[in-house]
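Here is the structure we will look at, set down as structure tokens.
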Amino acid sequence: MDCIFKHPVPGEERWKLTMDLANIVKRIPDYSCFLTVDELDSSTAQLAKDFPDRVEVSCVGHSRQGSPIQLIKIGHGSKNALVFACPHPNEPIGSLTVDFLTRELASNPQLEKELDYTWYFIKCIDIDGSRMNEGWFKGPFGITNYMHHYFRPAFRDQVEWTFPVTYKKLHFNSPIPETEVLMELIDTLHPEFMFSLHNLGFGGAYWYISKDIPELYPKFYHITKQMGVPRKLGEAETPYAVSFAPAVFQMMKAKDSYDYTERFTNQDPAAKRDYGTSSDEYANRDGKDRTMTFVCELPYFYSDKIDDTSYTERDRSDVILESCDMKEKLDAQTRQVYDAVISLLSPEDNYFRRALDEKLGGAESIQAQRAWAKSPQCAGKATQAQMFDNLYVMRYFRCTNLCLLTRAIAFELERAAQRHFDSAQMDALKKAHADAEALLDSECAYLEENMNYQITPIRNLVTVQVVCGLLTAEYVSSHS
């Protein structure tokens, strides 16, 4: 790791690294699995016991189901840094990143002094959702096991997308309790640096950042290459993402998706939107750009096609349209099973159903994508990465709808006595569950056979997040 920053990059003469990153990286454990919420809490308790004079742990709120949300404070720097993991509960890489960084900072006063922050960490902000993903946290690691234990809530139930916002006809002010915790911290701390720890299931590495900082990107690219993680060089996560550099994008705001929907459909963008904006837009809502937000997205699974920028013989627009056809077909299959038992699935507390309702109710997003595919922006031949993204990665993500359906039905079967279902209703649920599982198994088999994927070692993923996060934190500290 001594060669992480062997080569100078533009602007580096104005920003000299002071951290001993090579030795920091050597201390990252060789993680074999992800930690459960209870294991994270135990680790936090041990940290406070090991470093009573340097670590302060407090409860700053509770999840919707009553679990305490713990805040870890380390250091006494002149600037504030807010770092939170699991803003989406199927994204636990960041919880290990925080688990490592808290111990590293507690045991390494010199690093704390160099960075000059007072650090505030939350290892898991969506505790309830994370518990609903723990079935795959210990492995075996692969698409099939992941899909059978996957959960990601609807936008209106997500921590990262229920911050208040007002834009044109959009008016949202119903943050969930976990989001209210972050709102209070943001409003109290006014952090100069905020690290929202995300990751994706399948793809390549990419980054979001509030402002364009070209000096950072070669370093991001270098550490991902050293860790064997490809960059995501196919389609951006959303068509309206603003690119600063290959695989580096400006933080997205609610207005971006609003304007995109307004431009490419005849729909009122606010009509069906029952969620808000992100922590970044909330933190900088006064227009002063006080907080630099950073996101480092990393994949559990990847293919060599992810960063293959050689051209295919197919038009990019045609590939995107074929992807739209595929999504509509899978949605129809899912909907057929769902409709047979939808009246038996609670829309209030069955969070699998709540997420599925949103996923299957997004016809306007496919409509917008079809219109976008025919725009000049999508002209020309598709690269291998773009074709793989559209035809396979998008199919992977659509498969998660079948997991939500299967788990939504299983959730009601598990509490059948409480719901007082009669025999006919039970038979309907059991049949729908079997049908949903059959569809899920079929899709998983297709993906296993055709995606030719590799599994990223967890330590490598944590290393990339740690290094990229510390680099960005140091840059922000030295330029503020």
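Values quoted throughout were computed directly from the atomic coordinates according to the rules given, and no laboratory measurement underlies them. This structure is a prediction, so every number in the text was calculated from the model and none was measured.
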ask   = Can you give the % of DSSP beta bridges in the chain that are antiparallel, to the nearest 5?
value = 55
remark   = Sequence order, region 444-461: Karplus ³J(HN,Hα) from phi using 6.51 cos²θ - 1.76 cosθ + 1.60, θ = phi - 60°, Hz rounded, Gly and Pro as x, gives 4, 4, 4, 5, 4, 7, 10, 8, 6, 9, 10, 9, 7, x, 4, 4, 5, 5
request  = Can you spot the aspartates and glutamates whose alpha carbon is less than 15 Å from LYS113's alpha carbon? Ignore those fewer than 8 places along the same chain.
outcome  = ASP20, GLU104, GLU474
note = Of the listed pairs LYS169/LYS253; LYS232/LYS272; LYS49/LYS123, those with alpha carbons more than 21 Å apart are LYS232/LYS272
message = At a threshold of 8 angstrom on Cα-Cα distance, excluding pairs fewer than six apart, so keeping six or more, what relative contact order does the chain reach in percent?
response = 19
task = Would you calculate the volume per residue, in Å³, of the smallest convex hull containing every Cα atom of the chain?
result = 144
request  = May I ask you to evaluate 6.51 cos²θ - 1.76 cosθ + 1.60, the Karplus curve with θ = phi - 60°, for each residue of region 119-125 and list the ³J(HN,Hα) values in order in whole Hz, giving x for glycine and proline?
outcome  = 9, 10, 10, 10, 6, 8, 8
request  = Quote the relative contact order of region 306-452 in percent (integer), defining contacts as alpha-carbon pairs under 8 Å separated by 6+ residues.
outcome  = 39
inquiry  = From the helices alone, meaning DSSP H stretches of at least four residues, give me the mean residue ellipticity at 222 nm for the chain, per-run term -39500 (n - 2.57), in deg cm²/dmol to the nearest 500.
reply    = -14000 deg cm²/dmol
task = Return the lysines within reach of LYS225: Cα separation strictly under 18 angstrom, same-chain partners fewer than 8 residues apart disregarded; answer none if there are no such residues.
result = LYS6, LYS26, LYS305
